[in-house]
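Single-structure report; data block below.
The values are calculated or read from the model by the stated rules, or taken from the named source; none is laboratory data. The structure presented is a predicted model; accordingly, all values stated were derived computationally and were not measured. Ideal geometry is used to build each Cβ from the backbone, glycine not excepted, and the neighbour counts take in all protein chains shown. Just so you know, the surface numbers come from the protein's heavy atoms only, side chains and all, with ligands and any DNA or RNA stripped out. Shrake-Rupley method; radii C 1.70, N 1.55, O 1.52, S 1.80 Å.
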Amino acid sequence: MIDNTAVQQRSVATKTKQVIAVAALAVAAIAAAVAGVATSTTDHHTVGGYSGGYVVSP
Amino acid sequence: MDWPVVSALWNAVIQPFRLLLSTDLDVGSMFYPFLLVAMVWAYRREPREESLLSYVTFWRALRSPSGTLDIRFYFTNIALMTFLYAYSDSWYRQVPQLVESGWAWLLHEPRIHLLHGGFLASTLVTVLVFVAADLSFFLFHMIMHRVSWLWEFHKIHHSATELNPLTSFRAHPVQLYLTTTAGIVFSGVILGTAGYFSAGTVRVLSWLGSNVLVLGSGAFLLAALRHSHVWIHFGPLLNRIFYSPAHHQIHHSGDRANYDANYGGLLALWDWMAGTLIVPGRERRIYYGLGDAEQNNQYTNITMLYIRPFVNLWTRIRNKHLTPPSAPTAPE
């Protein structure tokens, strides 16, 4: 017989871990965005990927 | 060893990392918060077997053979392109000046002060530069699909069987050089013309050296998710104006009928006008790649990505068989 409580507890624990991991990712994403803005220079623009042609210095 | 060469080599090595902290539409870190919010929203919209963490980190795609090749090619290709550009990009900056000189020669006036460099004129020029860059992307993308020898170079981009943002850089140097040049020439014509008729007083509205409209649309249209499993589009009406990640995922489908559709970059308007628009609908699983395993298997390592277009071209020239990929084919 399956112990539903244990299964539910495991599911909640997994979900909590996922939420914590995504929250950590969100903090990292914001930090990376801030770092990107702080360190971005204008001399990188000629080497882009698929959309390289867009990023043209004015 | 000559110091400029050492400096160019060093720049080439660090450029793949610098690009992550740049305004690049596909991997630039300033877009990460937008992307994360969009991905969490997309994840919760449908029941999925994949965990949220795996979904938002492109884990499945990055661990696939296609994804690991994308990672290795990203570092190799960006370094190579940066090294090559170190010796060839100076003329890019001269395109607007050349256009200005062209106008001066045509009208026998060094400059004409017709436009005055206020906010309105600058906004107009900013919009025009954005539209020019997007139109050039659309046209050259379509040409790469329809001109058989260019398709051989573009094929490596379509050989990805799993999409992740680094797939954007799975592009042959020949393709990158042509599309980047096209964007710069199209934008340069607008910039040079605006410069001439405003006596140099009009400026493109920019942030961190990039057109604000390009940056804004890159963020709000989620450009980095075009090469991903994240199916997001903007609804029946806006899908005809703006290009969503789902538009591009359809374009990458291994189904040959979709090769000739959704060529746009940030605006779907061009596709709509050209009759090449496939409007995204409900989320569906798409199988990416060139349609059959035999073709996909021609592009499984870095050397093949660089060399295969030349080998295929040579084979096709020898066999006198140059059929554009998007030419209508009879159902098999």
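Observations
- For chain B: accessible area per residue (Å², 1.4 Å): 47
- Debye log10 I(q)/I(0) at q = 0.29 Å⁻¹ for the stretch B:167-217, Cα point scatterers: -1.07
- Heavy-atom SASA rank of B:58, B:73, B:83 (probe 1.4 Å, accessible area, largest first): B:83, B:58, B:73
- Shape category assigned to the stretch B:157-274 from the gyration tensor of Cα positions, a/c cut at 1.5: prolate
- Measuring spread by the Cα atoms of the stretch B:254-301 yields a radius of gyration and Dmax of 13.4, 38 Å.
- Taking a span of 27 Å or more along the helix axis (Cα atoms) and a mean Kyte-Doolittle hydropathy of at least 1.0 as the rule, the DSSP H helices of chain B that qualify are B:119-146, B:173-197.
- All lysines inside 23 Å of residue B:320 as judged from Cα atoms, apart from same-chain residues fewer than 8 positions distant: B:155
- To put it simply, the accessible area of the stretch B:75-145 at a 1.4 Å probe is 76 percent carbon and sulfur.
- Dimensions in Å of the stretch B:137-194 - Rg and Dmax from alpha carbons: 13.1, 43
- Note on surface exposure: B:70, B:292 rank B:292, B:70 by accessible area, highest first, 1.4 Å probe.
- Within the protein assembly as shown, helix-based [θ] at 222 nm, where runs of 4 or more DSSP H residues each add -39,500 (n - 2.57), nearest 500: -18500 deg cm²/dmol
- For the stretch B:225-269, the carbon plus sulfur part of the accessible surface works out to 68%, probe radius 1.4 Å.
- Between residue B:97 and residue B:287, the C-beta separation translates, for a Förster distance of 51 Å, into a calculated FRET efficiency of about 0.60.
- Build a GNM of chain B with springs between Cα atoms under 10 Å apart, and of B:49, B:162, B:152 the one that fluctuates most is B:49.
- Computed Rg/Rh of the stretch B:1-129, alpha carbon atoms with Kirkwood Rh: 1.15
- Seen from all directions on average, the stretch B:1-62 presents a Cα convex hull projection of 5.6 nm².
- Mean silhouette area of chain B, derived from the convex hull of its C-alpha atoms and averaged over all directions, reads 20.5 nm².
- Of every Cα-Cα pair in the protein assembly as shown, the percent that sits beyond 37 Å: 25
- Built from the Cα atoms of the stretch B:79-150, the convex hull projects on average onto 7.9 nm², one quarter of its surface area.
- Whether the stretch B:224-288 is rounded, prolate or oblate, judged on the alpha carbon gyration tensor where a/c under 1.5 counts as rounded: oblate
- The portion of the accessible surface of the stretch B:174-217 made up by carbon and sulfur, rounded to a whole percent, is 77 (1.4 Å probe; DNA, RNA and ligands excluded).
- Protein heavy-atom accessible area occluded, A/B pair - total, 1.4 Å probe, Å²: 3500
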